[in-house]
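Novice: What follows is a single structure, and I will ask about it in a moment.
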Amino acid sequence: MFTPINFRFTAEEVFYILDHSDARWFIYGEEFSGLIEKIRARLSKVEHFIVCGASVSPSTLAYEACLKEPPAQEPEVFLSEKDACELMYTSGTTGKPKGALLTHENLLWNLFNTILGREEREGESSIVIGPLYHTAALNNHFLTRVAMAGTSILIKHFDPVKVMETIEKENVTVISGAPAAYHLLLSLPPGRYDTRSITKCTTGASILPNETKERLIQFFPNLSGIYDVYRCTEASPSIAILKAEDSSKKRECVGRAVPFLEVRIVDDQDRDLPVGEVGEVICRGPNVMKGYYKDEEATREVLRGGWLHTGDLARRDEEGFLYIVDRKKDMIISGGENIYPREIEEVLFNHPKIEEAAVIGVPDPLWGESVKAIIVLKRGETMTEEEVIEYCKGHLASYKKPKWVEFMEGLPRNPSGKVLKTLLRGTREQRHFQKDETS
């Protein structure tokens, strides 16, 4: 069973994934050796450390050497479609990541859904901007190219200029990325690169505005279609796809359900809602995960009644097209990355000067959303915005740290004591200044 880890995680975040997943083999690049040494002594479950690179300690295996000395015989491991294939970690409202168990069957049916929904063709060449610890990049893009006898070109670190140079050099035909990536590409001077090879764009994570689609059509002159994909890790990940033929007609839309998946819009009692009414998206099909690893309670909750409850709010039109309205969960999507406020709040709660904290997403024209922290300080304490951001930077992956900080005397709450984040979102003050996103 394969478990990819976000390379932007801190040592503590990496330790949690390795320990919770019961990993026995751990493969990492030599550039992460310093980070791994911080937690290595505590990784009692890991039996073999394998490093990709030249720096190898006596207790670490070299990846290339392992390839040169394969076992003499095939391992006696018999697999079925129902066996787990991937353990993909996705955060929840508790702030701790949950491991979604995806089977070989899940991945196979997701491939069928993706190939049919995105109208994939044999032999296409795709540049994959997203990292492979995401199900979208791994299962929808990379594995699709494998299945369709195509080529995947992976980008280690996103750089708009590097992406365009690669497209020009490799004659890439398909580009896949979050809206934030397309916004950065479109900020480059027009006409500098040969973009005629691109015939298809796919996107997800958040809605790609129609204005951006129109600019992409001009930017890639031979573009035949843009495909919007609505997905979640627990569905391996495809749920709905807006095909190219409907892309310009259906604004703010994520398309129809993929071919081999049932999708419903329901109320809080899981009763179907009529066309046009907003409710939660639930789905059922062979691409839906087996459950959460070592978390039976969360599995029962999210798969109650045999349906995956996505936590997303949407409506459906008369033709069966879905429109995502909001999220029940407070997840923030910034540059294609899922960020969970509760995790950041727990870090803030541990600061000796902070009494209370609430984290919300605020609109960002480049990244889709940015993180904003609302802070209530303990009596007599003082902090600056920069101090809060630096503190978070030391405890979280860089993309999770707040870009905006606001100090309040108290947080609005309902009678039961729950923080009213809807009120915070509705009354927030927008301040416009640029932050450094590269650190």
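Novice: List the residues, sorted by chain then number, that are 5 or more residues from residue 225 or on another chain and whose placed amide H is less than 5 Å from its amide H.
Specialist: Those qualifying (amide H under 5 Å, at least 5 residues apart or on another chain) are 201.
Novice: In whole Å, how far is the Cα centre of segment 20-41 from that of segment 280-357?
Specialist: 28 Å
Novice: Could you do me a favour and compute the accessible area per residue for the chain, 1.4 Å probe, result in Å²? Don't skip to the end; give the middle numbers.
Specialist: On the way: 21850 Å² over 439 residues.
For the chain, the per-residue accessible area is 50 Å².
Novice: Which distance in nm do the two modelled labels at residue 325 and residue 67 give, with both placed 7 Å along the Cα-to-Cβ direction?
Specialist: Here the answer is 5.2 nm between the modelled labels.
Novice: Whenever you get a sec, compute what percent of the accessible area on segment 71-165 sits on carbon and sulfur atoms (1.4 Å probe).
Specialist: Ligands and nucleic acids excluded, carbon and sulfur give 59 percent.
Novice: Could you compute the FRET efficiency for residue 8 and residue 42, with r as their C-beta to C-beta distance and R0 at 30 Å, rounded to 0.05?
Specialist: The pair residue 8/residue 42 has a calculated efficiency of 0.90.
Novice: Give me the accessible area of residue 196, 1.4 Å probe, in Å² rounded to the nearest 10.
Specialist: 150 Å²
Novice: Just grab the label-to-label distance for residue 211 and residue 384, each label 7 Å out from Cα along the Cβ direction, in nm (one decimal).
Specialist: Label-label distance for residue 211 and residue 384, simple model: 3.5 nm.
Novice: What does the C-alpha gyration tensor say about the overall shape of segment 116-249? Classify as rounded when a/c is under 1.5, otherwise prolate if a/b is larger than b/c, or oblate.
Specialist: Here segment 116-249 falls in the rounded category.
Novice: Quick one: if you stick a label point 7 Å off each Cα along the C-beta vector at residue 78 and residue 267, how many nm between them?
Specialist: So the two model labels end up 5.1 nm from each other.
Novice: What's log10 of I(q)/I(0) for the chain at q = 0.10 Å⁻¹, Debye sum over Cα points only, no solvent?
Specialist: Scattering profile of the chain, log10 relative to I(0): -0.79.
Novice: Continuing with the same structure: Compute the Kirkwood hydrodynamic radius of segment 220-272, taking the inverse of the mean of 1/r over all pairs of distinct Cα atoms, and give it in Å to one decimal.
Specialist: The Cα-based Kirkwood calculation yields 12.6 Å.
Novice: Would you list 293, 340 from the most to the least accessible area, probe 1.4 Å?
Specialist: Accessible-area ranking of 293, 340, largest first: 293, 340.
Novice: If you don't mind, another one. Kindly flag which residue pairs out of 169/213; 378/400; 68/200 have an alpha-carbon separation exceeding 29 Å in this structure.
Specialist: Working: 169/213 24 Å; 378/400 24 Å; 68/200 39 Å.
Over 29 Å apart, Cα to Cα: 68/200.
Novice: As a test question: what accessible area, to the nearest 10 Å², does residue 79 have when a 1.4 Å probe is rolled over all protein chains in place?
Specialist: 120 Å²
Novice: For residue 404, what accessible surface area do you get with a 1.4 Å probe? Give it in Å², rounded to 10.
Specialist: 20 Å²
The values are calculated or read from the model by the stated rules, or taken from the named source; none is laboratory data. It should be emphasised that the depicted structure is a prediction, and the values quoted were computed from it without experimental measurement. All Cβ positions, even for glycine, are placed from backbone atoms using ideal geometry, and neighbour counts span all protein chains on display. The accessibility values were calculated without ligands, DNA or RNA, using every heavy atom of the protein model including side chains. Shrake-Rupley method; radii C 1.70, N 1.55, O 1.52, S 1.80 Å.
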